[in-house]
Amino acid sequence: LQYNEPLKKPIPLHEQTVKDEKGRYKRFHGAFTGGFSAGYFNTVGSKEGWTPSTFVSSRQQKAEKHNARPEDFMDEEDFSEHGIAPREITTSQEFSSGHRDETREKARAVNAQAALIPGDTLLEELIAPAQSSIGVELLRKMGWREGQGVGPRVKRKPRRQQPDNSTKLYGCAMPPAGSEESEVGEEEFAPENVTFAPKDVTPVDFTPRLGLQGLGYSGLDPGLALLGQGASEHINLFNPQSETRGQLFGDKQKHTRRGGVAGQAFGVGALEDDDEDIYHRDSMSRYDTVLGGEEPGDGLYGWTAPQQYTKRKDKNKDALYLGKILEGFTLAQKPAEEKTIFPPPILPRDYRPVHHFRPVIQVSRLSGVSPALAEALKSSRGHMTKDEPQQEGRHQLDSGQRRTLLGEETLQGPTSVMELLRPEDRERLQNIRNSSNLPPTKTTTSQTSHEALRPAGMSAGPSALSGVMSSSTFKPFEKNPSKQARYELYLNRLKQGDKDALEQSLDLGMTEWERSREREEFVRASILYRPSSSSLSSRFTRAKHQEDEDTVEVNRDQEGDVDDKQAAVKMKMFGKLTRETFEWHPDKLLCKRFNVPDPYPGSGVVGLPKVKRDKFSVFNFLTMTENRATPAPPKPAESGKKSRWDVSGQTEDEEEKKDPLSELLSAARNQTTETKLDQTSSPAVSTSVSSVQPRDSKHEVHCQK
Amino acid sequence: MAFPQPRPQAPQLPQHLLRTIDCQQGAVRAVRFNVDGNYLLSCGSDKSLKLWTVSRGTLLKTYSGHGYEVLDADGSYDNSQLCSCSSDKTVILWDVATGQVTRKLRGHAGKVNCVQFNEEATVILSGSIDGTVRCWDTRSRRFEPIQVLDEARDSISSLKVAQHELLTGSVDGRVRRYDLRMGQLHVDFIDSPITCVCFSQDGQCTLSSSLDSAVRLLDKSTGEMLGEYKGHKMKGYKLDCCLSSKDTHVLSCSEDGHVYCWDLVEGSLSLKLPVGKAVVQSLSFHPSETRLLTAMEGRVQVWGSEPEETMDDPTQT
């Protein structure tokens, strides 16, 4: 039913009946199979009822033998299509075509099971009466003979395209014109008004090629193999270039390589010369056929001496070998590569292969450990409860101490790159570094400028930077300076071993939810990103262009660039920062209606082809499903990796879009914790803050009047 | 001898209240001029759509058929058809003369906030709270839209159609401009839920008003902000904004009962129309003259540049 169609009046119960052709009410025995009525008004037979056949036998009239067929007891229903003895008109055997009669075959198969040899109907299939179908009979009566084609008769005998099999003709065939010569040449067809039957159609074999040999392969030609032209010569199978072999396989080569050592063990007859090769070993490469030959010329490459000399060496080598050579193998030409084995290290005399684990880790000694990890380690206890705070085992040394222990000299040369610079440059760097230690300004432009200024001089030796705060080289929350300040506070407190570092560092002005988020972020940032005052980080330098999808912000919203956009909006820098452009395909009909040429005529896609969409969106389930499925089908997920500022064909961060369902839930959670919003359901004039709320904004929904 | 050019008139502002029409429709959700500016449509919360003349303010016809409040309406270029959308999730195409429902287009999942014809009235475009814009074909008898644009992540509050472009503003803070000729979608991020968008007459700029009480004029091709107009109050309601007929001024409704009118180039406030005490819900500027319609509560006000003396008509409703 279409939506707008009028509803039909319902059929009352007393009219919901089915009657057969005689007007009898049909009773449905069984689930609406069409039903058989229980006879004629619940009796069998017809109006007259079923009358038994009478038996009369008298002296005059003897009783007839009634051979009652089952059909006598059946009524129309039984003869109908669904009855037990359906009568239908079929073609009889003599008129049927050669088409297989499946029922007959099935019957025969069933019969075959019960035959003397179960399942075997070979004999019957062998001795089948010669039946020609009625069509053949008709054709014969009309003058057709076996082997002729069917159709109107043609004047001249059609010319054959390929007179012989040995030459292949490419291109078009010769035209049937040029009749004069042919007619004169062929004496058999003298008069001109003779018509001939058309040529018969050669049936095409549609059986698929199941072999694995590939195109153009034809196996042994049995004609030639058994009798054929090549029977006079001996067929040498093992020589790939043998002429007879080629002919057997149907190759069309005329020129075969003559000469050379051909015969192997097989095919050495009494009259042949090469008996020395009888014991030559066979190789599989001899069974490869090659079309057209492999090498130009005869493969000898100018070698003029007899071939025996080249091959003889191999055989000698094999023969000289004293051990047993496996079948099919021969001695290698080059010896195998020798592996270099390095001797094990020489152990000192007093070395004992016993290792003792050190239970306590000196936190303060270790570098490159994040403060949170340090805190965790400090509070934990190892297996051994011995506290050895001051002991310096062999493993707690750094390179300088090891150097003194080993008695080496310190490396000569500048310890810091700063010493290599000229004094003016050094001054300049110091100034810049000092200025960069100031709290960073708010605008992103100045941030980028001072980042660019930040020199590569961060990779200074340990002498230079020991006094500098960690914040100068590593700022996870660069974009949010107050947050960064709080983070640093947290780090400091951690270093001091303050247990409530996290709690104290949070901003009390923020809401509970924001605080918890910050808490998590701080913990994660501290774990993942180590402080830079370690010697390891001094080997690295800051990148000149800080990428905005930075690894620094750990737990940010998946749409990292929304923050950029928001920042841009706040600074009123609309334009490049706030605009995104996508390739969008309008529907063809829409373009037509708008009188606009279709910008993507070949595209079958409608919408944004390069943007990956969530397959499951809340809105997919919200639609009216009257006649059709969801009207917002998931777009093809084809997200290319392009830079954000690429104007044509960008990828929106759709894959990072939070599932609207979870946003819904989180929004719902927010609403309960934040100030109560007056959301009434009466017709509200306002912008409805619908299911998905932007995170930072709070809207109040009034209702008018 | 050439005649001297007429002195260019200073741009005029619709500062004089010409007429107030009491629509008797409950609250007027939207008021719209038709294509030539001689008629006005008022969409009421009593599920009816009414057609009035502007000059006299007479009621011509009432169109009933929606199941819930009518939220927006638009007239076709030849004044033969109207389209309206409602909170009952449907868009109705009306025949103006007979008042019959020609098509009832269902498909949106939520209330339909905005609707508009395209230039030749062959397509109706509707934006809904379910975040989709649906393009309905008026020519065929299909029930499905030609295309569904669901790029927005939140309710579509407003849409406008130009020759080959479609501008939508959404509560997710983005203005989306679909260019059919180039096959592109441009998204401008405004960060605050958008209440109304419109094109400028010259087609170079777009205007969008948002819930941070700001109306912004953005350049269409680059997305840069050409002007920002503040001073009004738009914090929670979906209110309209528009440009004057010659693109000289930017007008916006406000929740403080005024209509604010700024000079487009300078950004200074030129006019502050005292409409009333309640929220001014909707406004519409005449396509060619200096005439303005505003809707507040249950009444529609007609403003013009010059006061008319012959207006008081006893037959006005």
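The values are calculated or read from the model by the stated rules, or taken from the named source; none is laboratory data. These figures come from a predicted structure and were not determined experimentally. Don't worry about glycine lacking a Cβ; one is built from the backbone with ideal geometry, like all the others, and counts go over all protein chains shown.
Here B:R32 meets each of (1) under 20 Å from B:K238 (Cα atoms); (2) away from every other protein chain (no Cβ under 14 Å); (3) assigned to a loop (DSSP other than H, G, I, E, B) with one exception, condition (3). Among the residues of this structure, A:G607 counts as one that is out of contact with any Phe, Trp or Tyr (no Cβ under 6 Å at 6 or more places or on another chain), within 19 Å of B:R174 (Cα to Cα), at pLDDT below 80 and within 8 Å of chain B (Cβ to nearest Cβ).
Condition (residue is of a type in the set (K, R), modelled with pLDDT of 90 or more and closer than 18 Å to B:R29 by Cα) applied to segment B:289-300: is it met by at least one residue? Write out each step before concluding.
We begin by selecting, within segment B:289-300, every residue of a type in the set (K, R); these are B:291, B:299.
From what is left, the residues that are modelled with pLDDT of 90 or more are B:291, B:299.
Next, from what is left, pick out any that are closer than 18 Å to B:R29 by Cα: B:299.
Yes, segment B:289-300 contains a residue that is of a type in the set (K, R), modelled with pLDDT of 90 or more and closer than 18 Å to B:R29 by Cα.
Residue by residue, here is whether (1) of a type in the set (G, A, S); (2) more than 25 Å from B:N38 (Cα to Cα); (3) in contact with a Pro (Cβ under 7 Å, 6 or more places away or on another chain) holds:
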{"residue": "B:C205", "(1), (2), (3)": "no, yes, no"}
{"residue": "B:S254", "(1), (2), (3)": "yes, yes, no"}
{"residue": "B:S268", "(1), (2), (3)": "yes, yes, no"}
{"residue": "B:S288", "(1), (2), (3)": "yes, no, no"}
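Return the only residue of B:D247, B:D219, B:D240 being buried (at least 22 other Cβ atoms within 10 Å of the Cβ), in contact (Cβ under 8 Å) with a residue 12 or more places away in the chain and closer than 19 Å to B:A162 by Cβ.
On the way: B:D247 fails: buried (at least 22 other Cβ atoms within 10 Å of the Cβ); B:D219 fails: buried (at least 22 other Cβ atoms within 10 Å of the Cβ).
Of B:D247, B:D219, B:D240, the one residue that is buried (at least 22 other Cβ atoms within 10 Å of the Cβ), in contact (Cβ under 8 Å) with a residue 12 or more places away in the chain and closer than 19 Å to B:A162 by Cβ is B:D240.
When the criteria are applied in full, B:I146 meets the requirement of being among the β-branched types (V, I, T), surrounded by fewer than 24 Cβ atoms within 10 Å (Cβ to Cβ) and over 21 Å from B:L251 (Cβ atoms).
With respect to the stated conditions, B:L159 is among the hydrophobic types (A, V, I, L, M, F, W, C), more than 9 Å from chain A (Cβ to nearest Cβ) and closer than 21 Å to B:H286 by Cα. The residues of segment B:109-148 that are outside any strand (DSSP E or B), more than 30 Å from B:L59 (Cα to Cα) and facing another protein chain (nearest Cβ under 8 Å), listed by number, are B:A109, B:G110, B:I129, B:D130, B:G131, B:T132, B:F143, B:E144, B:P145, B:I146.
Among the residues of segment B:65-102, those identified as charged (D, E, K, R) and more than 16 Å from B:G44 (Cβ to Cβ) are B:D78, B:K89, B:D95. In the set (1) within 10 Å of another protein chain (Cβ to nearest Cβ); (2) surrounded by fewer than 21 Cβ atoms within 10 Å (Cβ to Cβ), the condition left unmet by B:L180 is number (2).
Out of B:S86, B:S157, B:S126, B:S170, I need the residue that is crowded, with 24+ Cβ neighbours inside 10 Å and touching a residue at least 60 places away in the same chain (Cβ under 8 Å). Which one? Show your work before the answer.
Details: B:S86 fails: touching a residue at least 60 places away in the same chain (Cβ under 8 Å); B:S126 fails: touching a residue at least 60 places away in the same chain (Cβ under 8 Å); B:S170 fails: touching a residue at least 60 places away in the same chain (Cβ under 8 Å).
Going through B:S86, B:S157, B:S126, B:S170 in turn, the sole match is B:S157.
Name the residue that is farthest from the chain's Cα centre (by Cα), counting only residues in segment A:572-594 that are more than 24 Å from B:I124 (Cα to Cα) and facing another protein chain (nearest Cβ under 7 Å). It would help to see each step written out before you state the result.
Here is the first cut: in segment A:572-594, the residues more than 24 Å from B:I124 (Cα to Cα) are A:572-581.
When the remaining residues are screened for being facing another protein chain (nearest Cβ under 7 Å), the result is A:572, A:574-575, A:578-581.
Working: A:K572: 46, A:F574: 42, A:G575: 40, A:T578: 37, A:R579: 35, A:E580: 32, A:T581: 30 Å.
Restricting to residues being more than 24 Å from B:I124 (Cα to Cα) and facing another protein chain (nearest Cβ under 7 Å), the top hit is A:K572.
Note on segment A:489-509: among residues that are surrounded by fewer than 18 Cβ atoms within 10 Å (Cβ to Cβ) and at pLDDT 70 or above, the one that is farthest from A:Q430 (Cα to Cα) is A:Q496.
Across segment B:183-198, what is the number of residues that are touching a residue at least 40 places away in the same chain (Cβ under 8 Å) and more than 9 Å from every other protein chain (Cβ to nearest Cβ)? Write out each step before concluding.
Step one: filter segment B:183-198 for residues touching a residue at least 40 places away in the same chain (Cβ under 8 Å), giving B:195-196, B:198.
Add one more test, that the residue is more than 9 Å from every other protein chain (Cβ to nearest Cβ), and what stays is B:196, B:198.
Of the residues in segment B:183-198, 2 are touching a residue at least 40 places away in the same chain (Cβ under 8 Å) and more than 9 Å from every other protein chain (Cβ to nearest Cβ).
Does B:C85 fit the bill of being touching a strand residue (DSSP E or B) at 6+ places or on another chain (Cβ under 7 Å), facing chain A (nearest Cβ under 7 Å), assigned to a strand (DSSP E or B) and closer than 21 Å to A:N4 by Cα? It is false that B:C85 is touching a strand residue (DSSP E or B) at 6+ places or on another chain (Cβ under 7 Å), facing chain A (nearest Cβ under 7 Å), assigned to a strand (DSSP E or B) and closer than 21 Å to A:N4 by Cα.
Each row is one residue, and each column tells you yes or no for (1) within 14 Å of chain A (Cβ to nearest Cβ); (2) in contact with a Gly (Cβ under 7 Å, 6 or more places away or on another chain); (3) of a type in the set (K, R).
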| site | (1), (2), (3) |
| --- | --- |
| B:M234 | yes, no, no |
| B:D240 | yes, no, no |
| B:V250 | no, no, no |
| B:C253 | yes, no, no |
| B:Q281 | yes, no, no |
| B:F285 | no, no, no |
| B:R291 | no, yes, yes |
| B:G304 | no, no, no |
| B:E308 | no, no, no |
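For segment B:194-295, the strands (runs of 3 or more DSSP E) that sit wholly inside it and include 3 or more residues that are under 26 Å from B:E306 (Cα atoms) are B:241-243, B:249-253, B:258-263, B:269-274, B:280-285.
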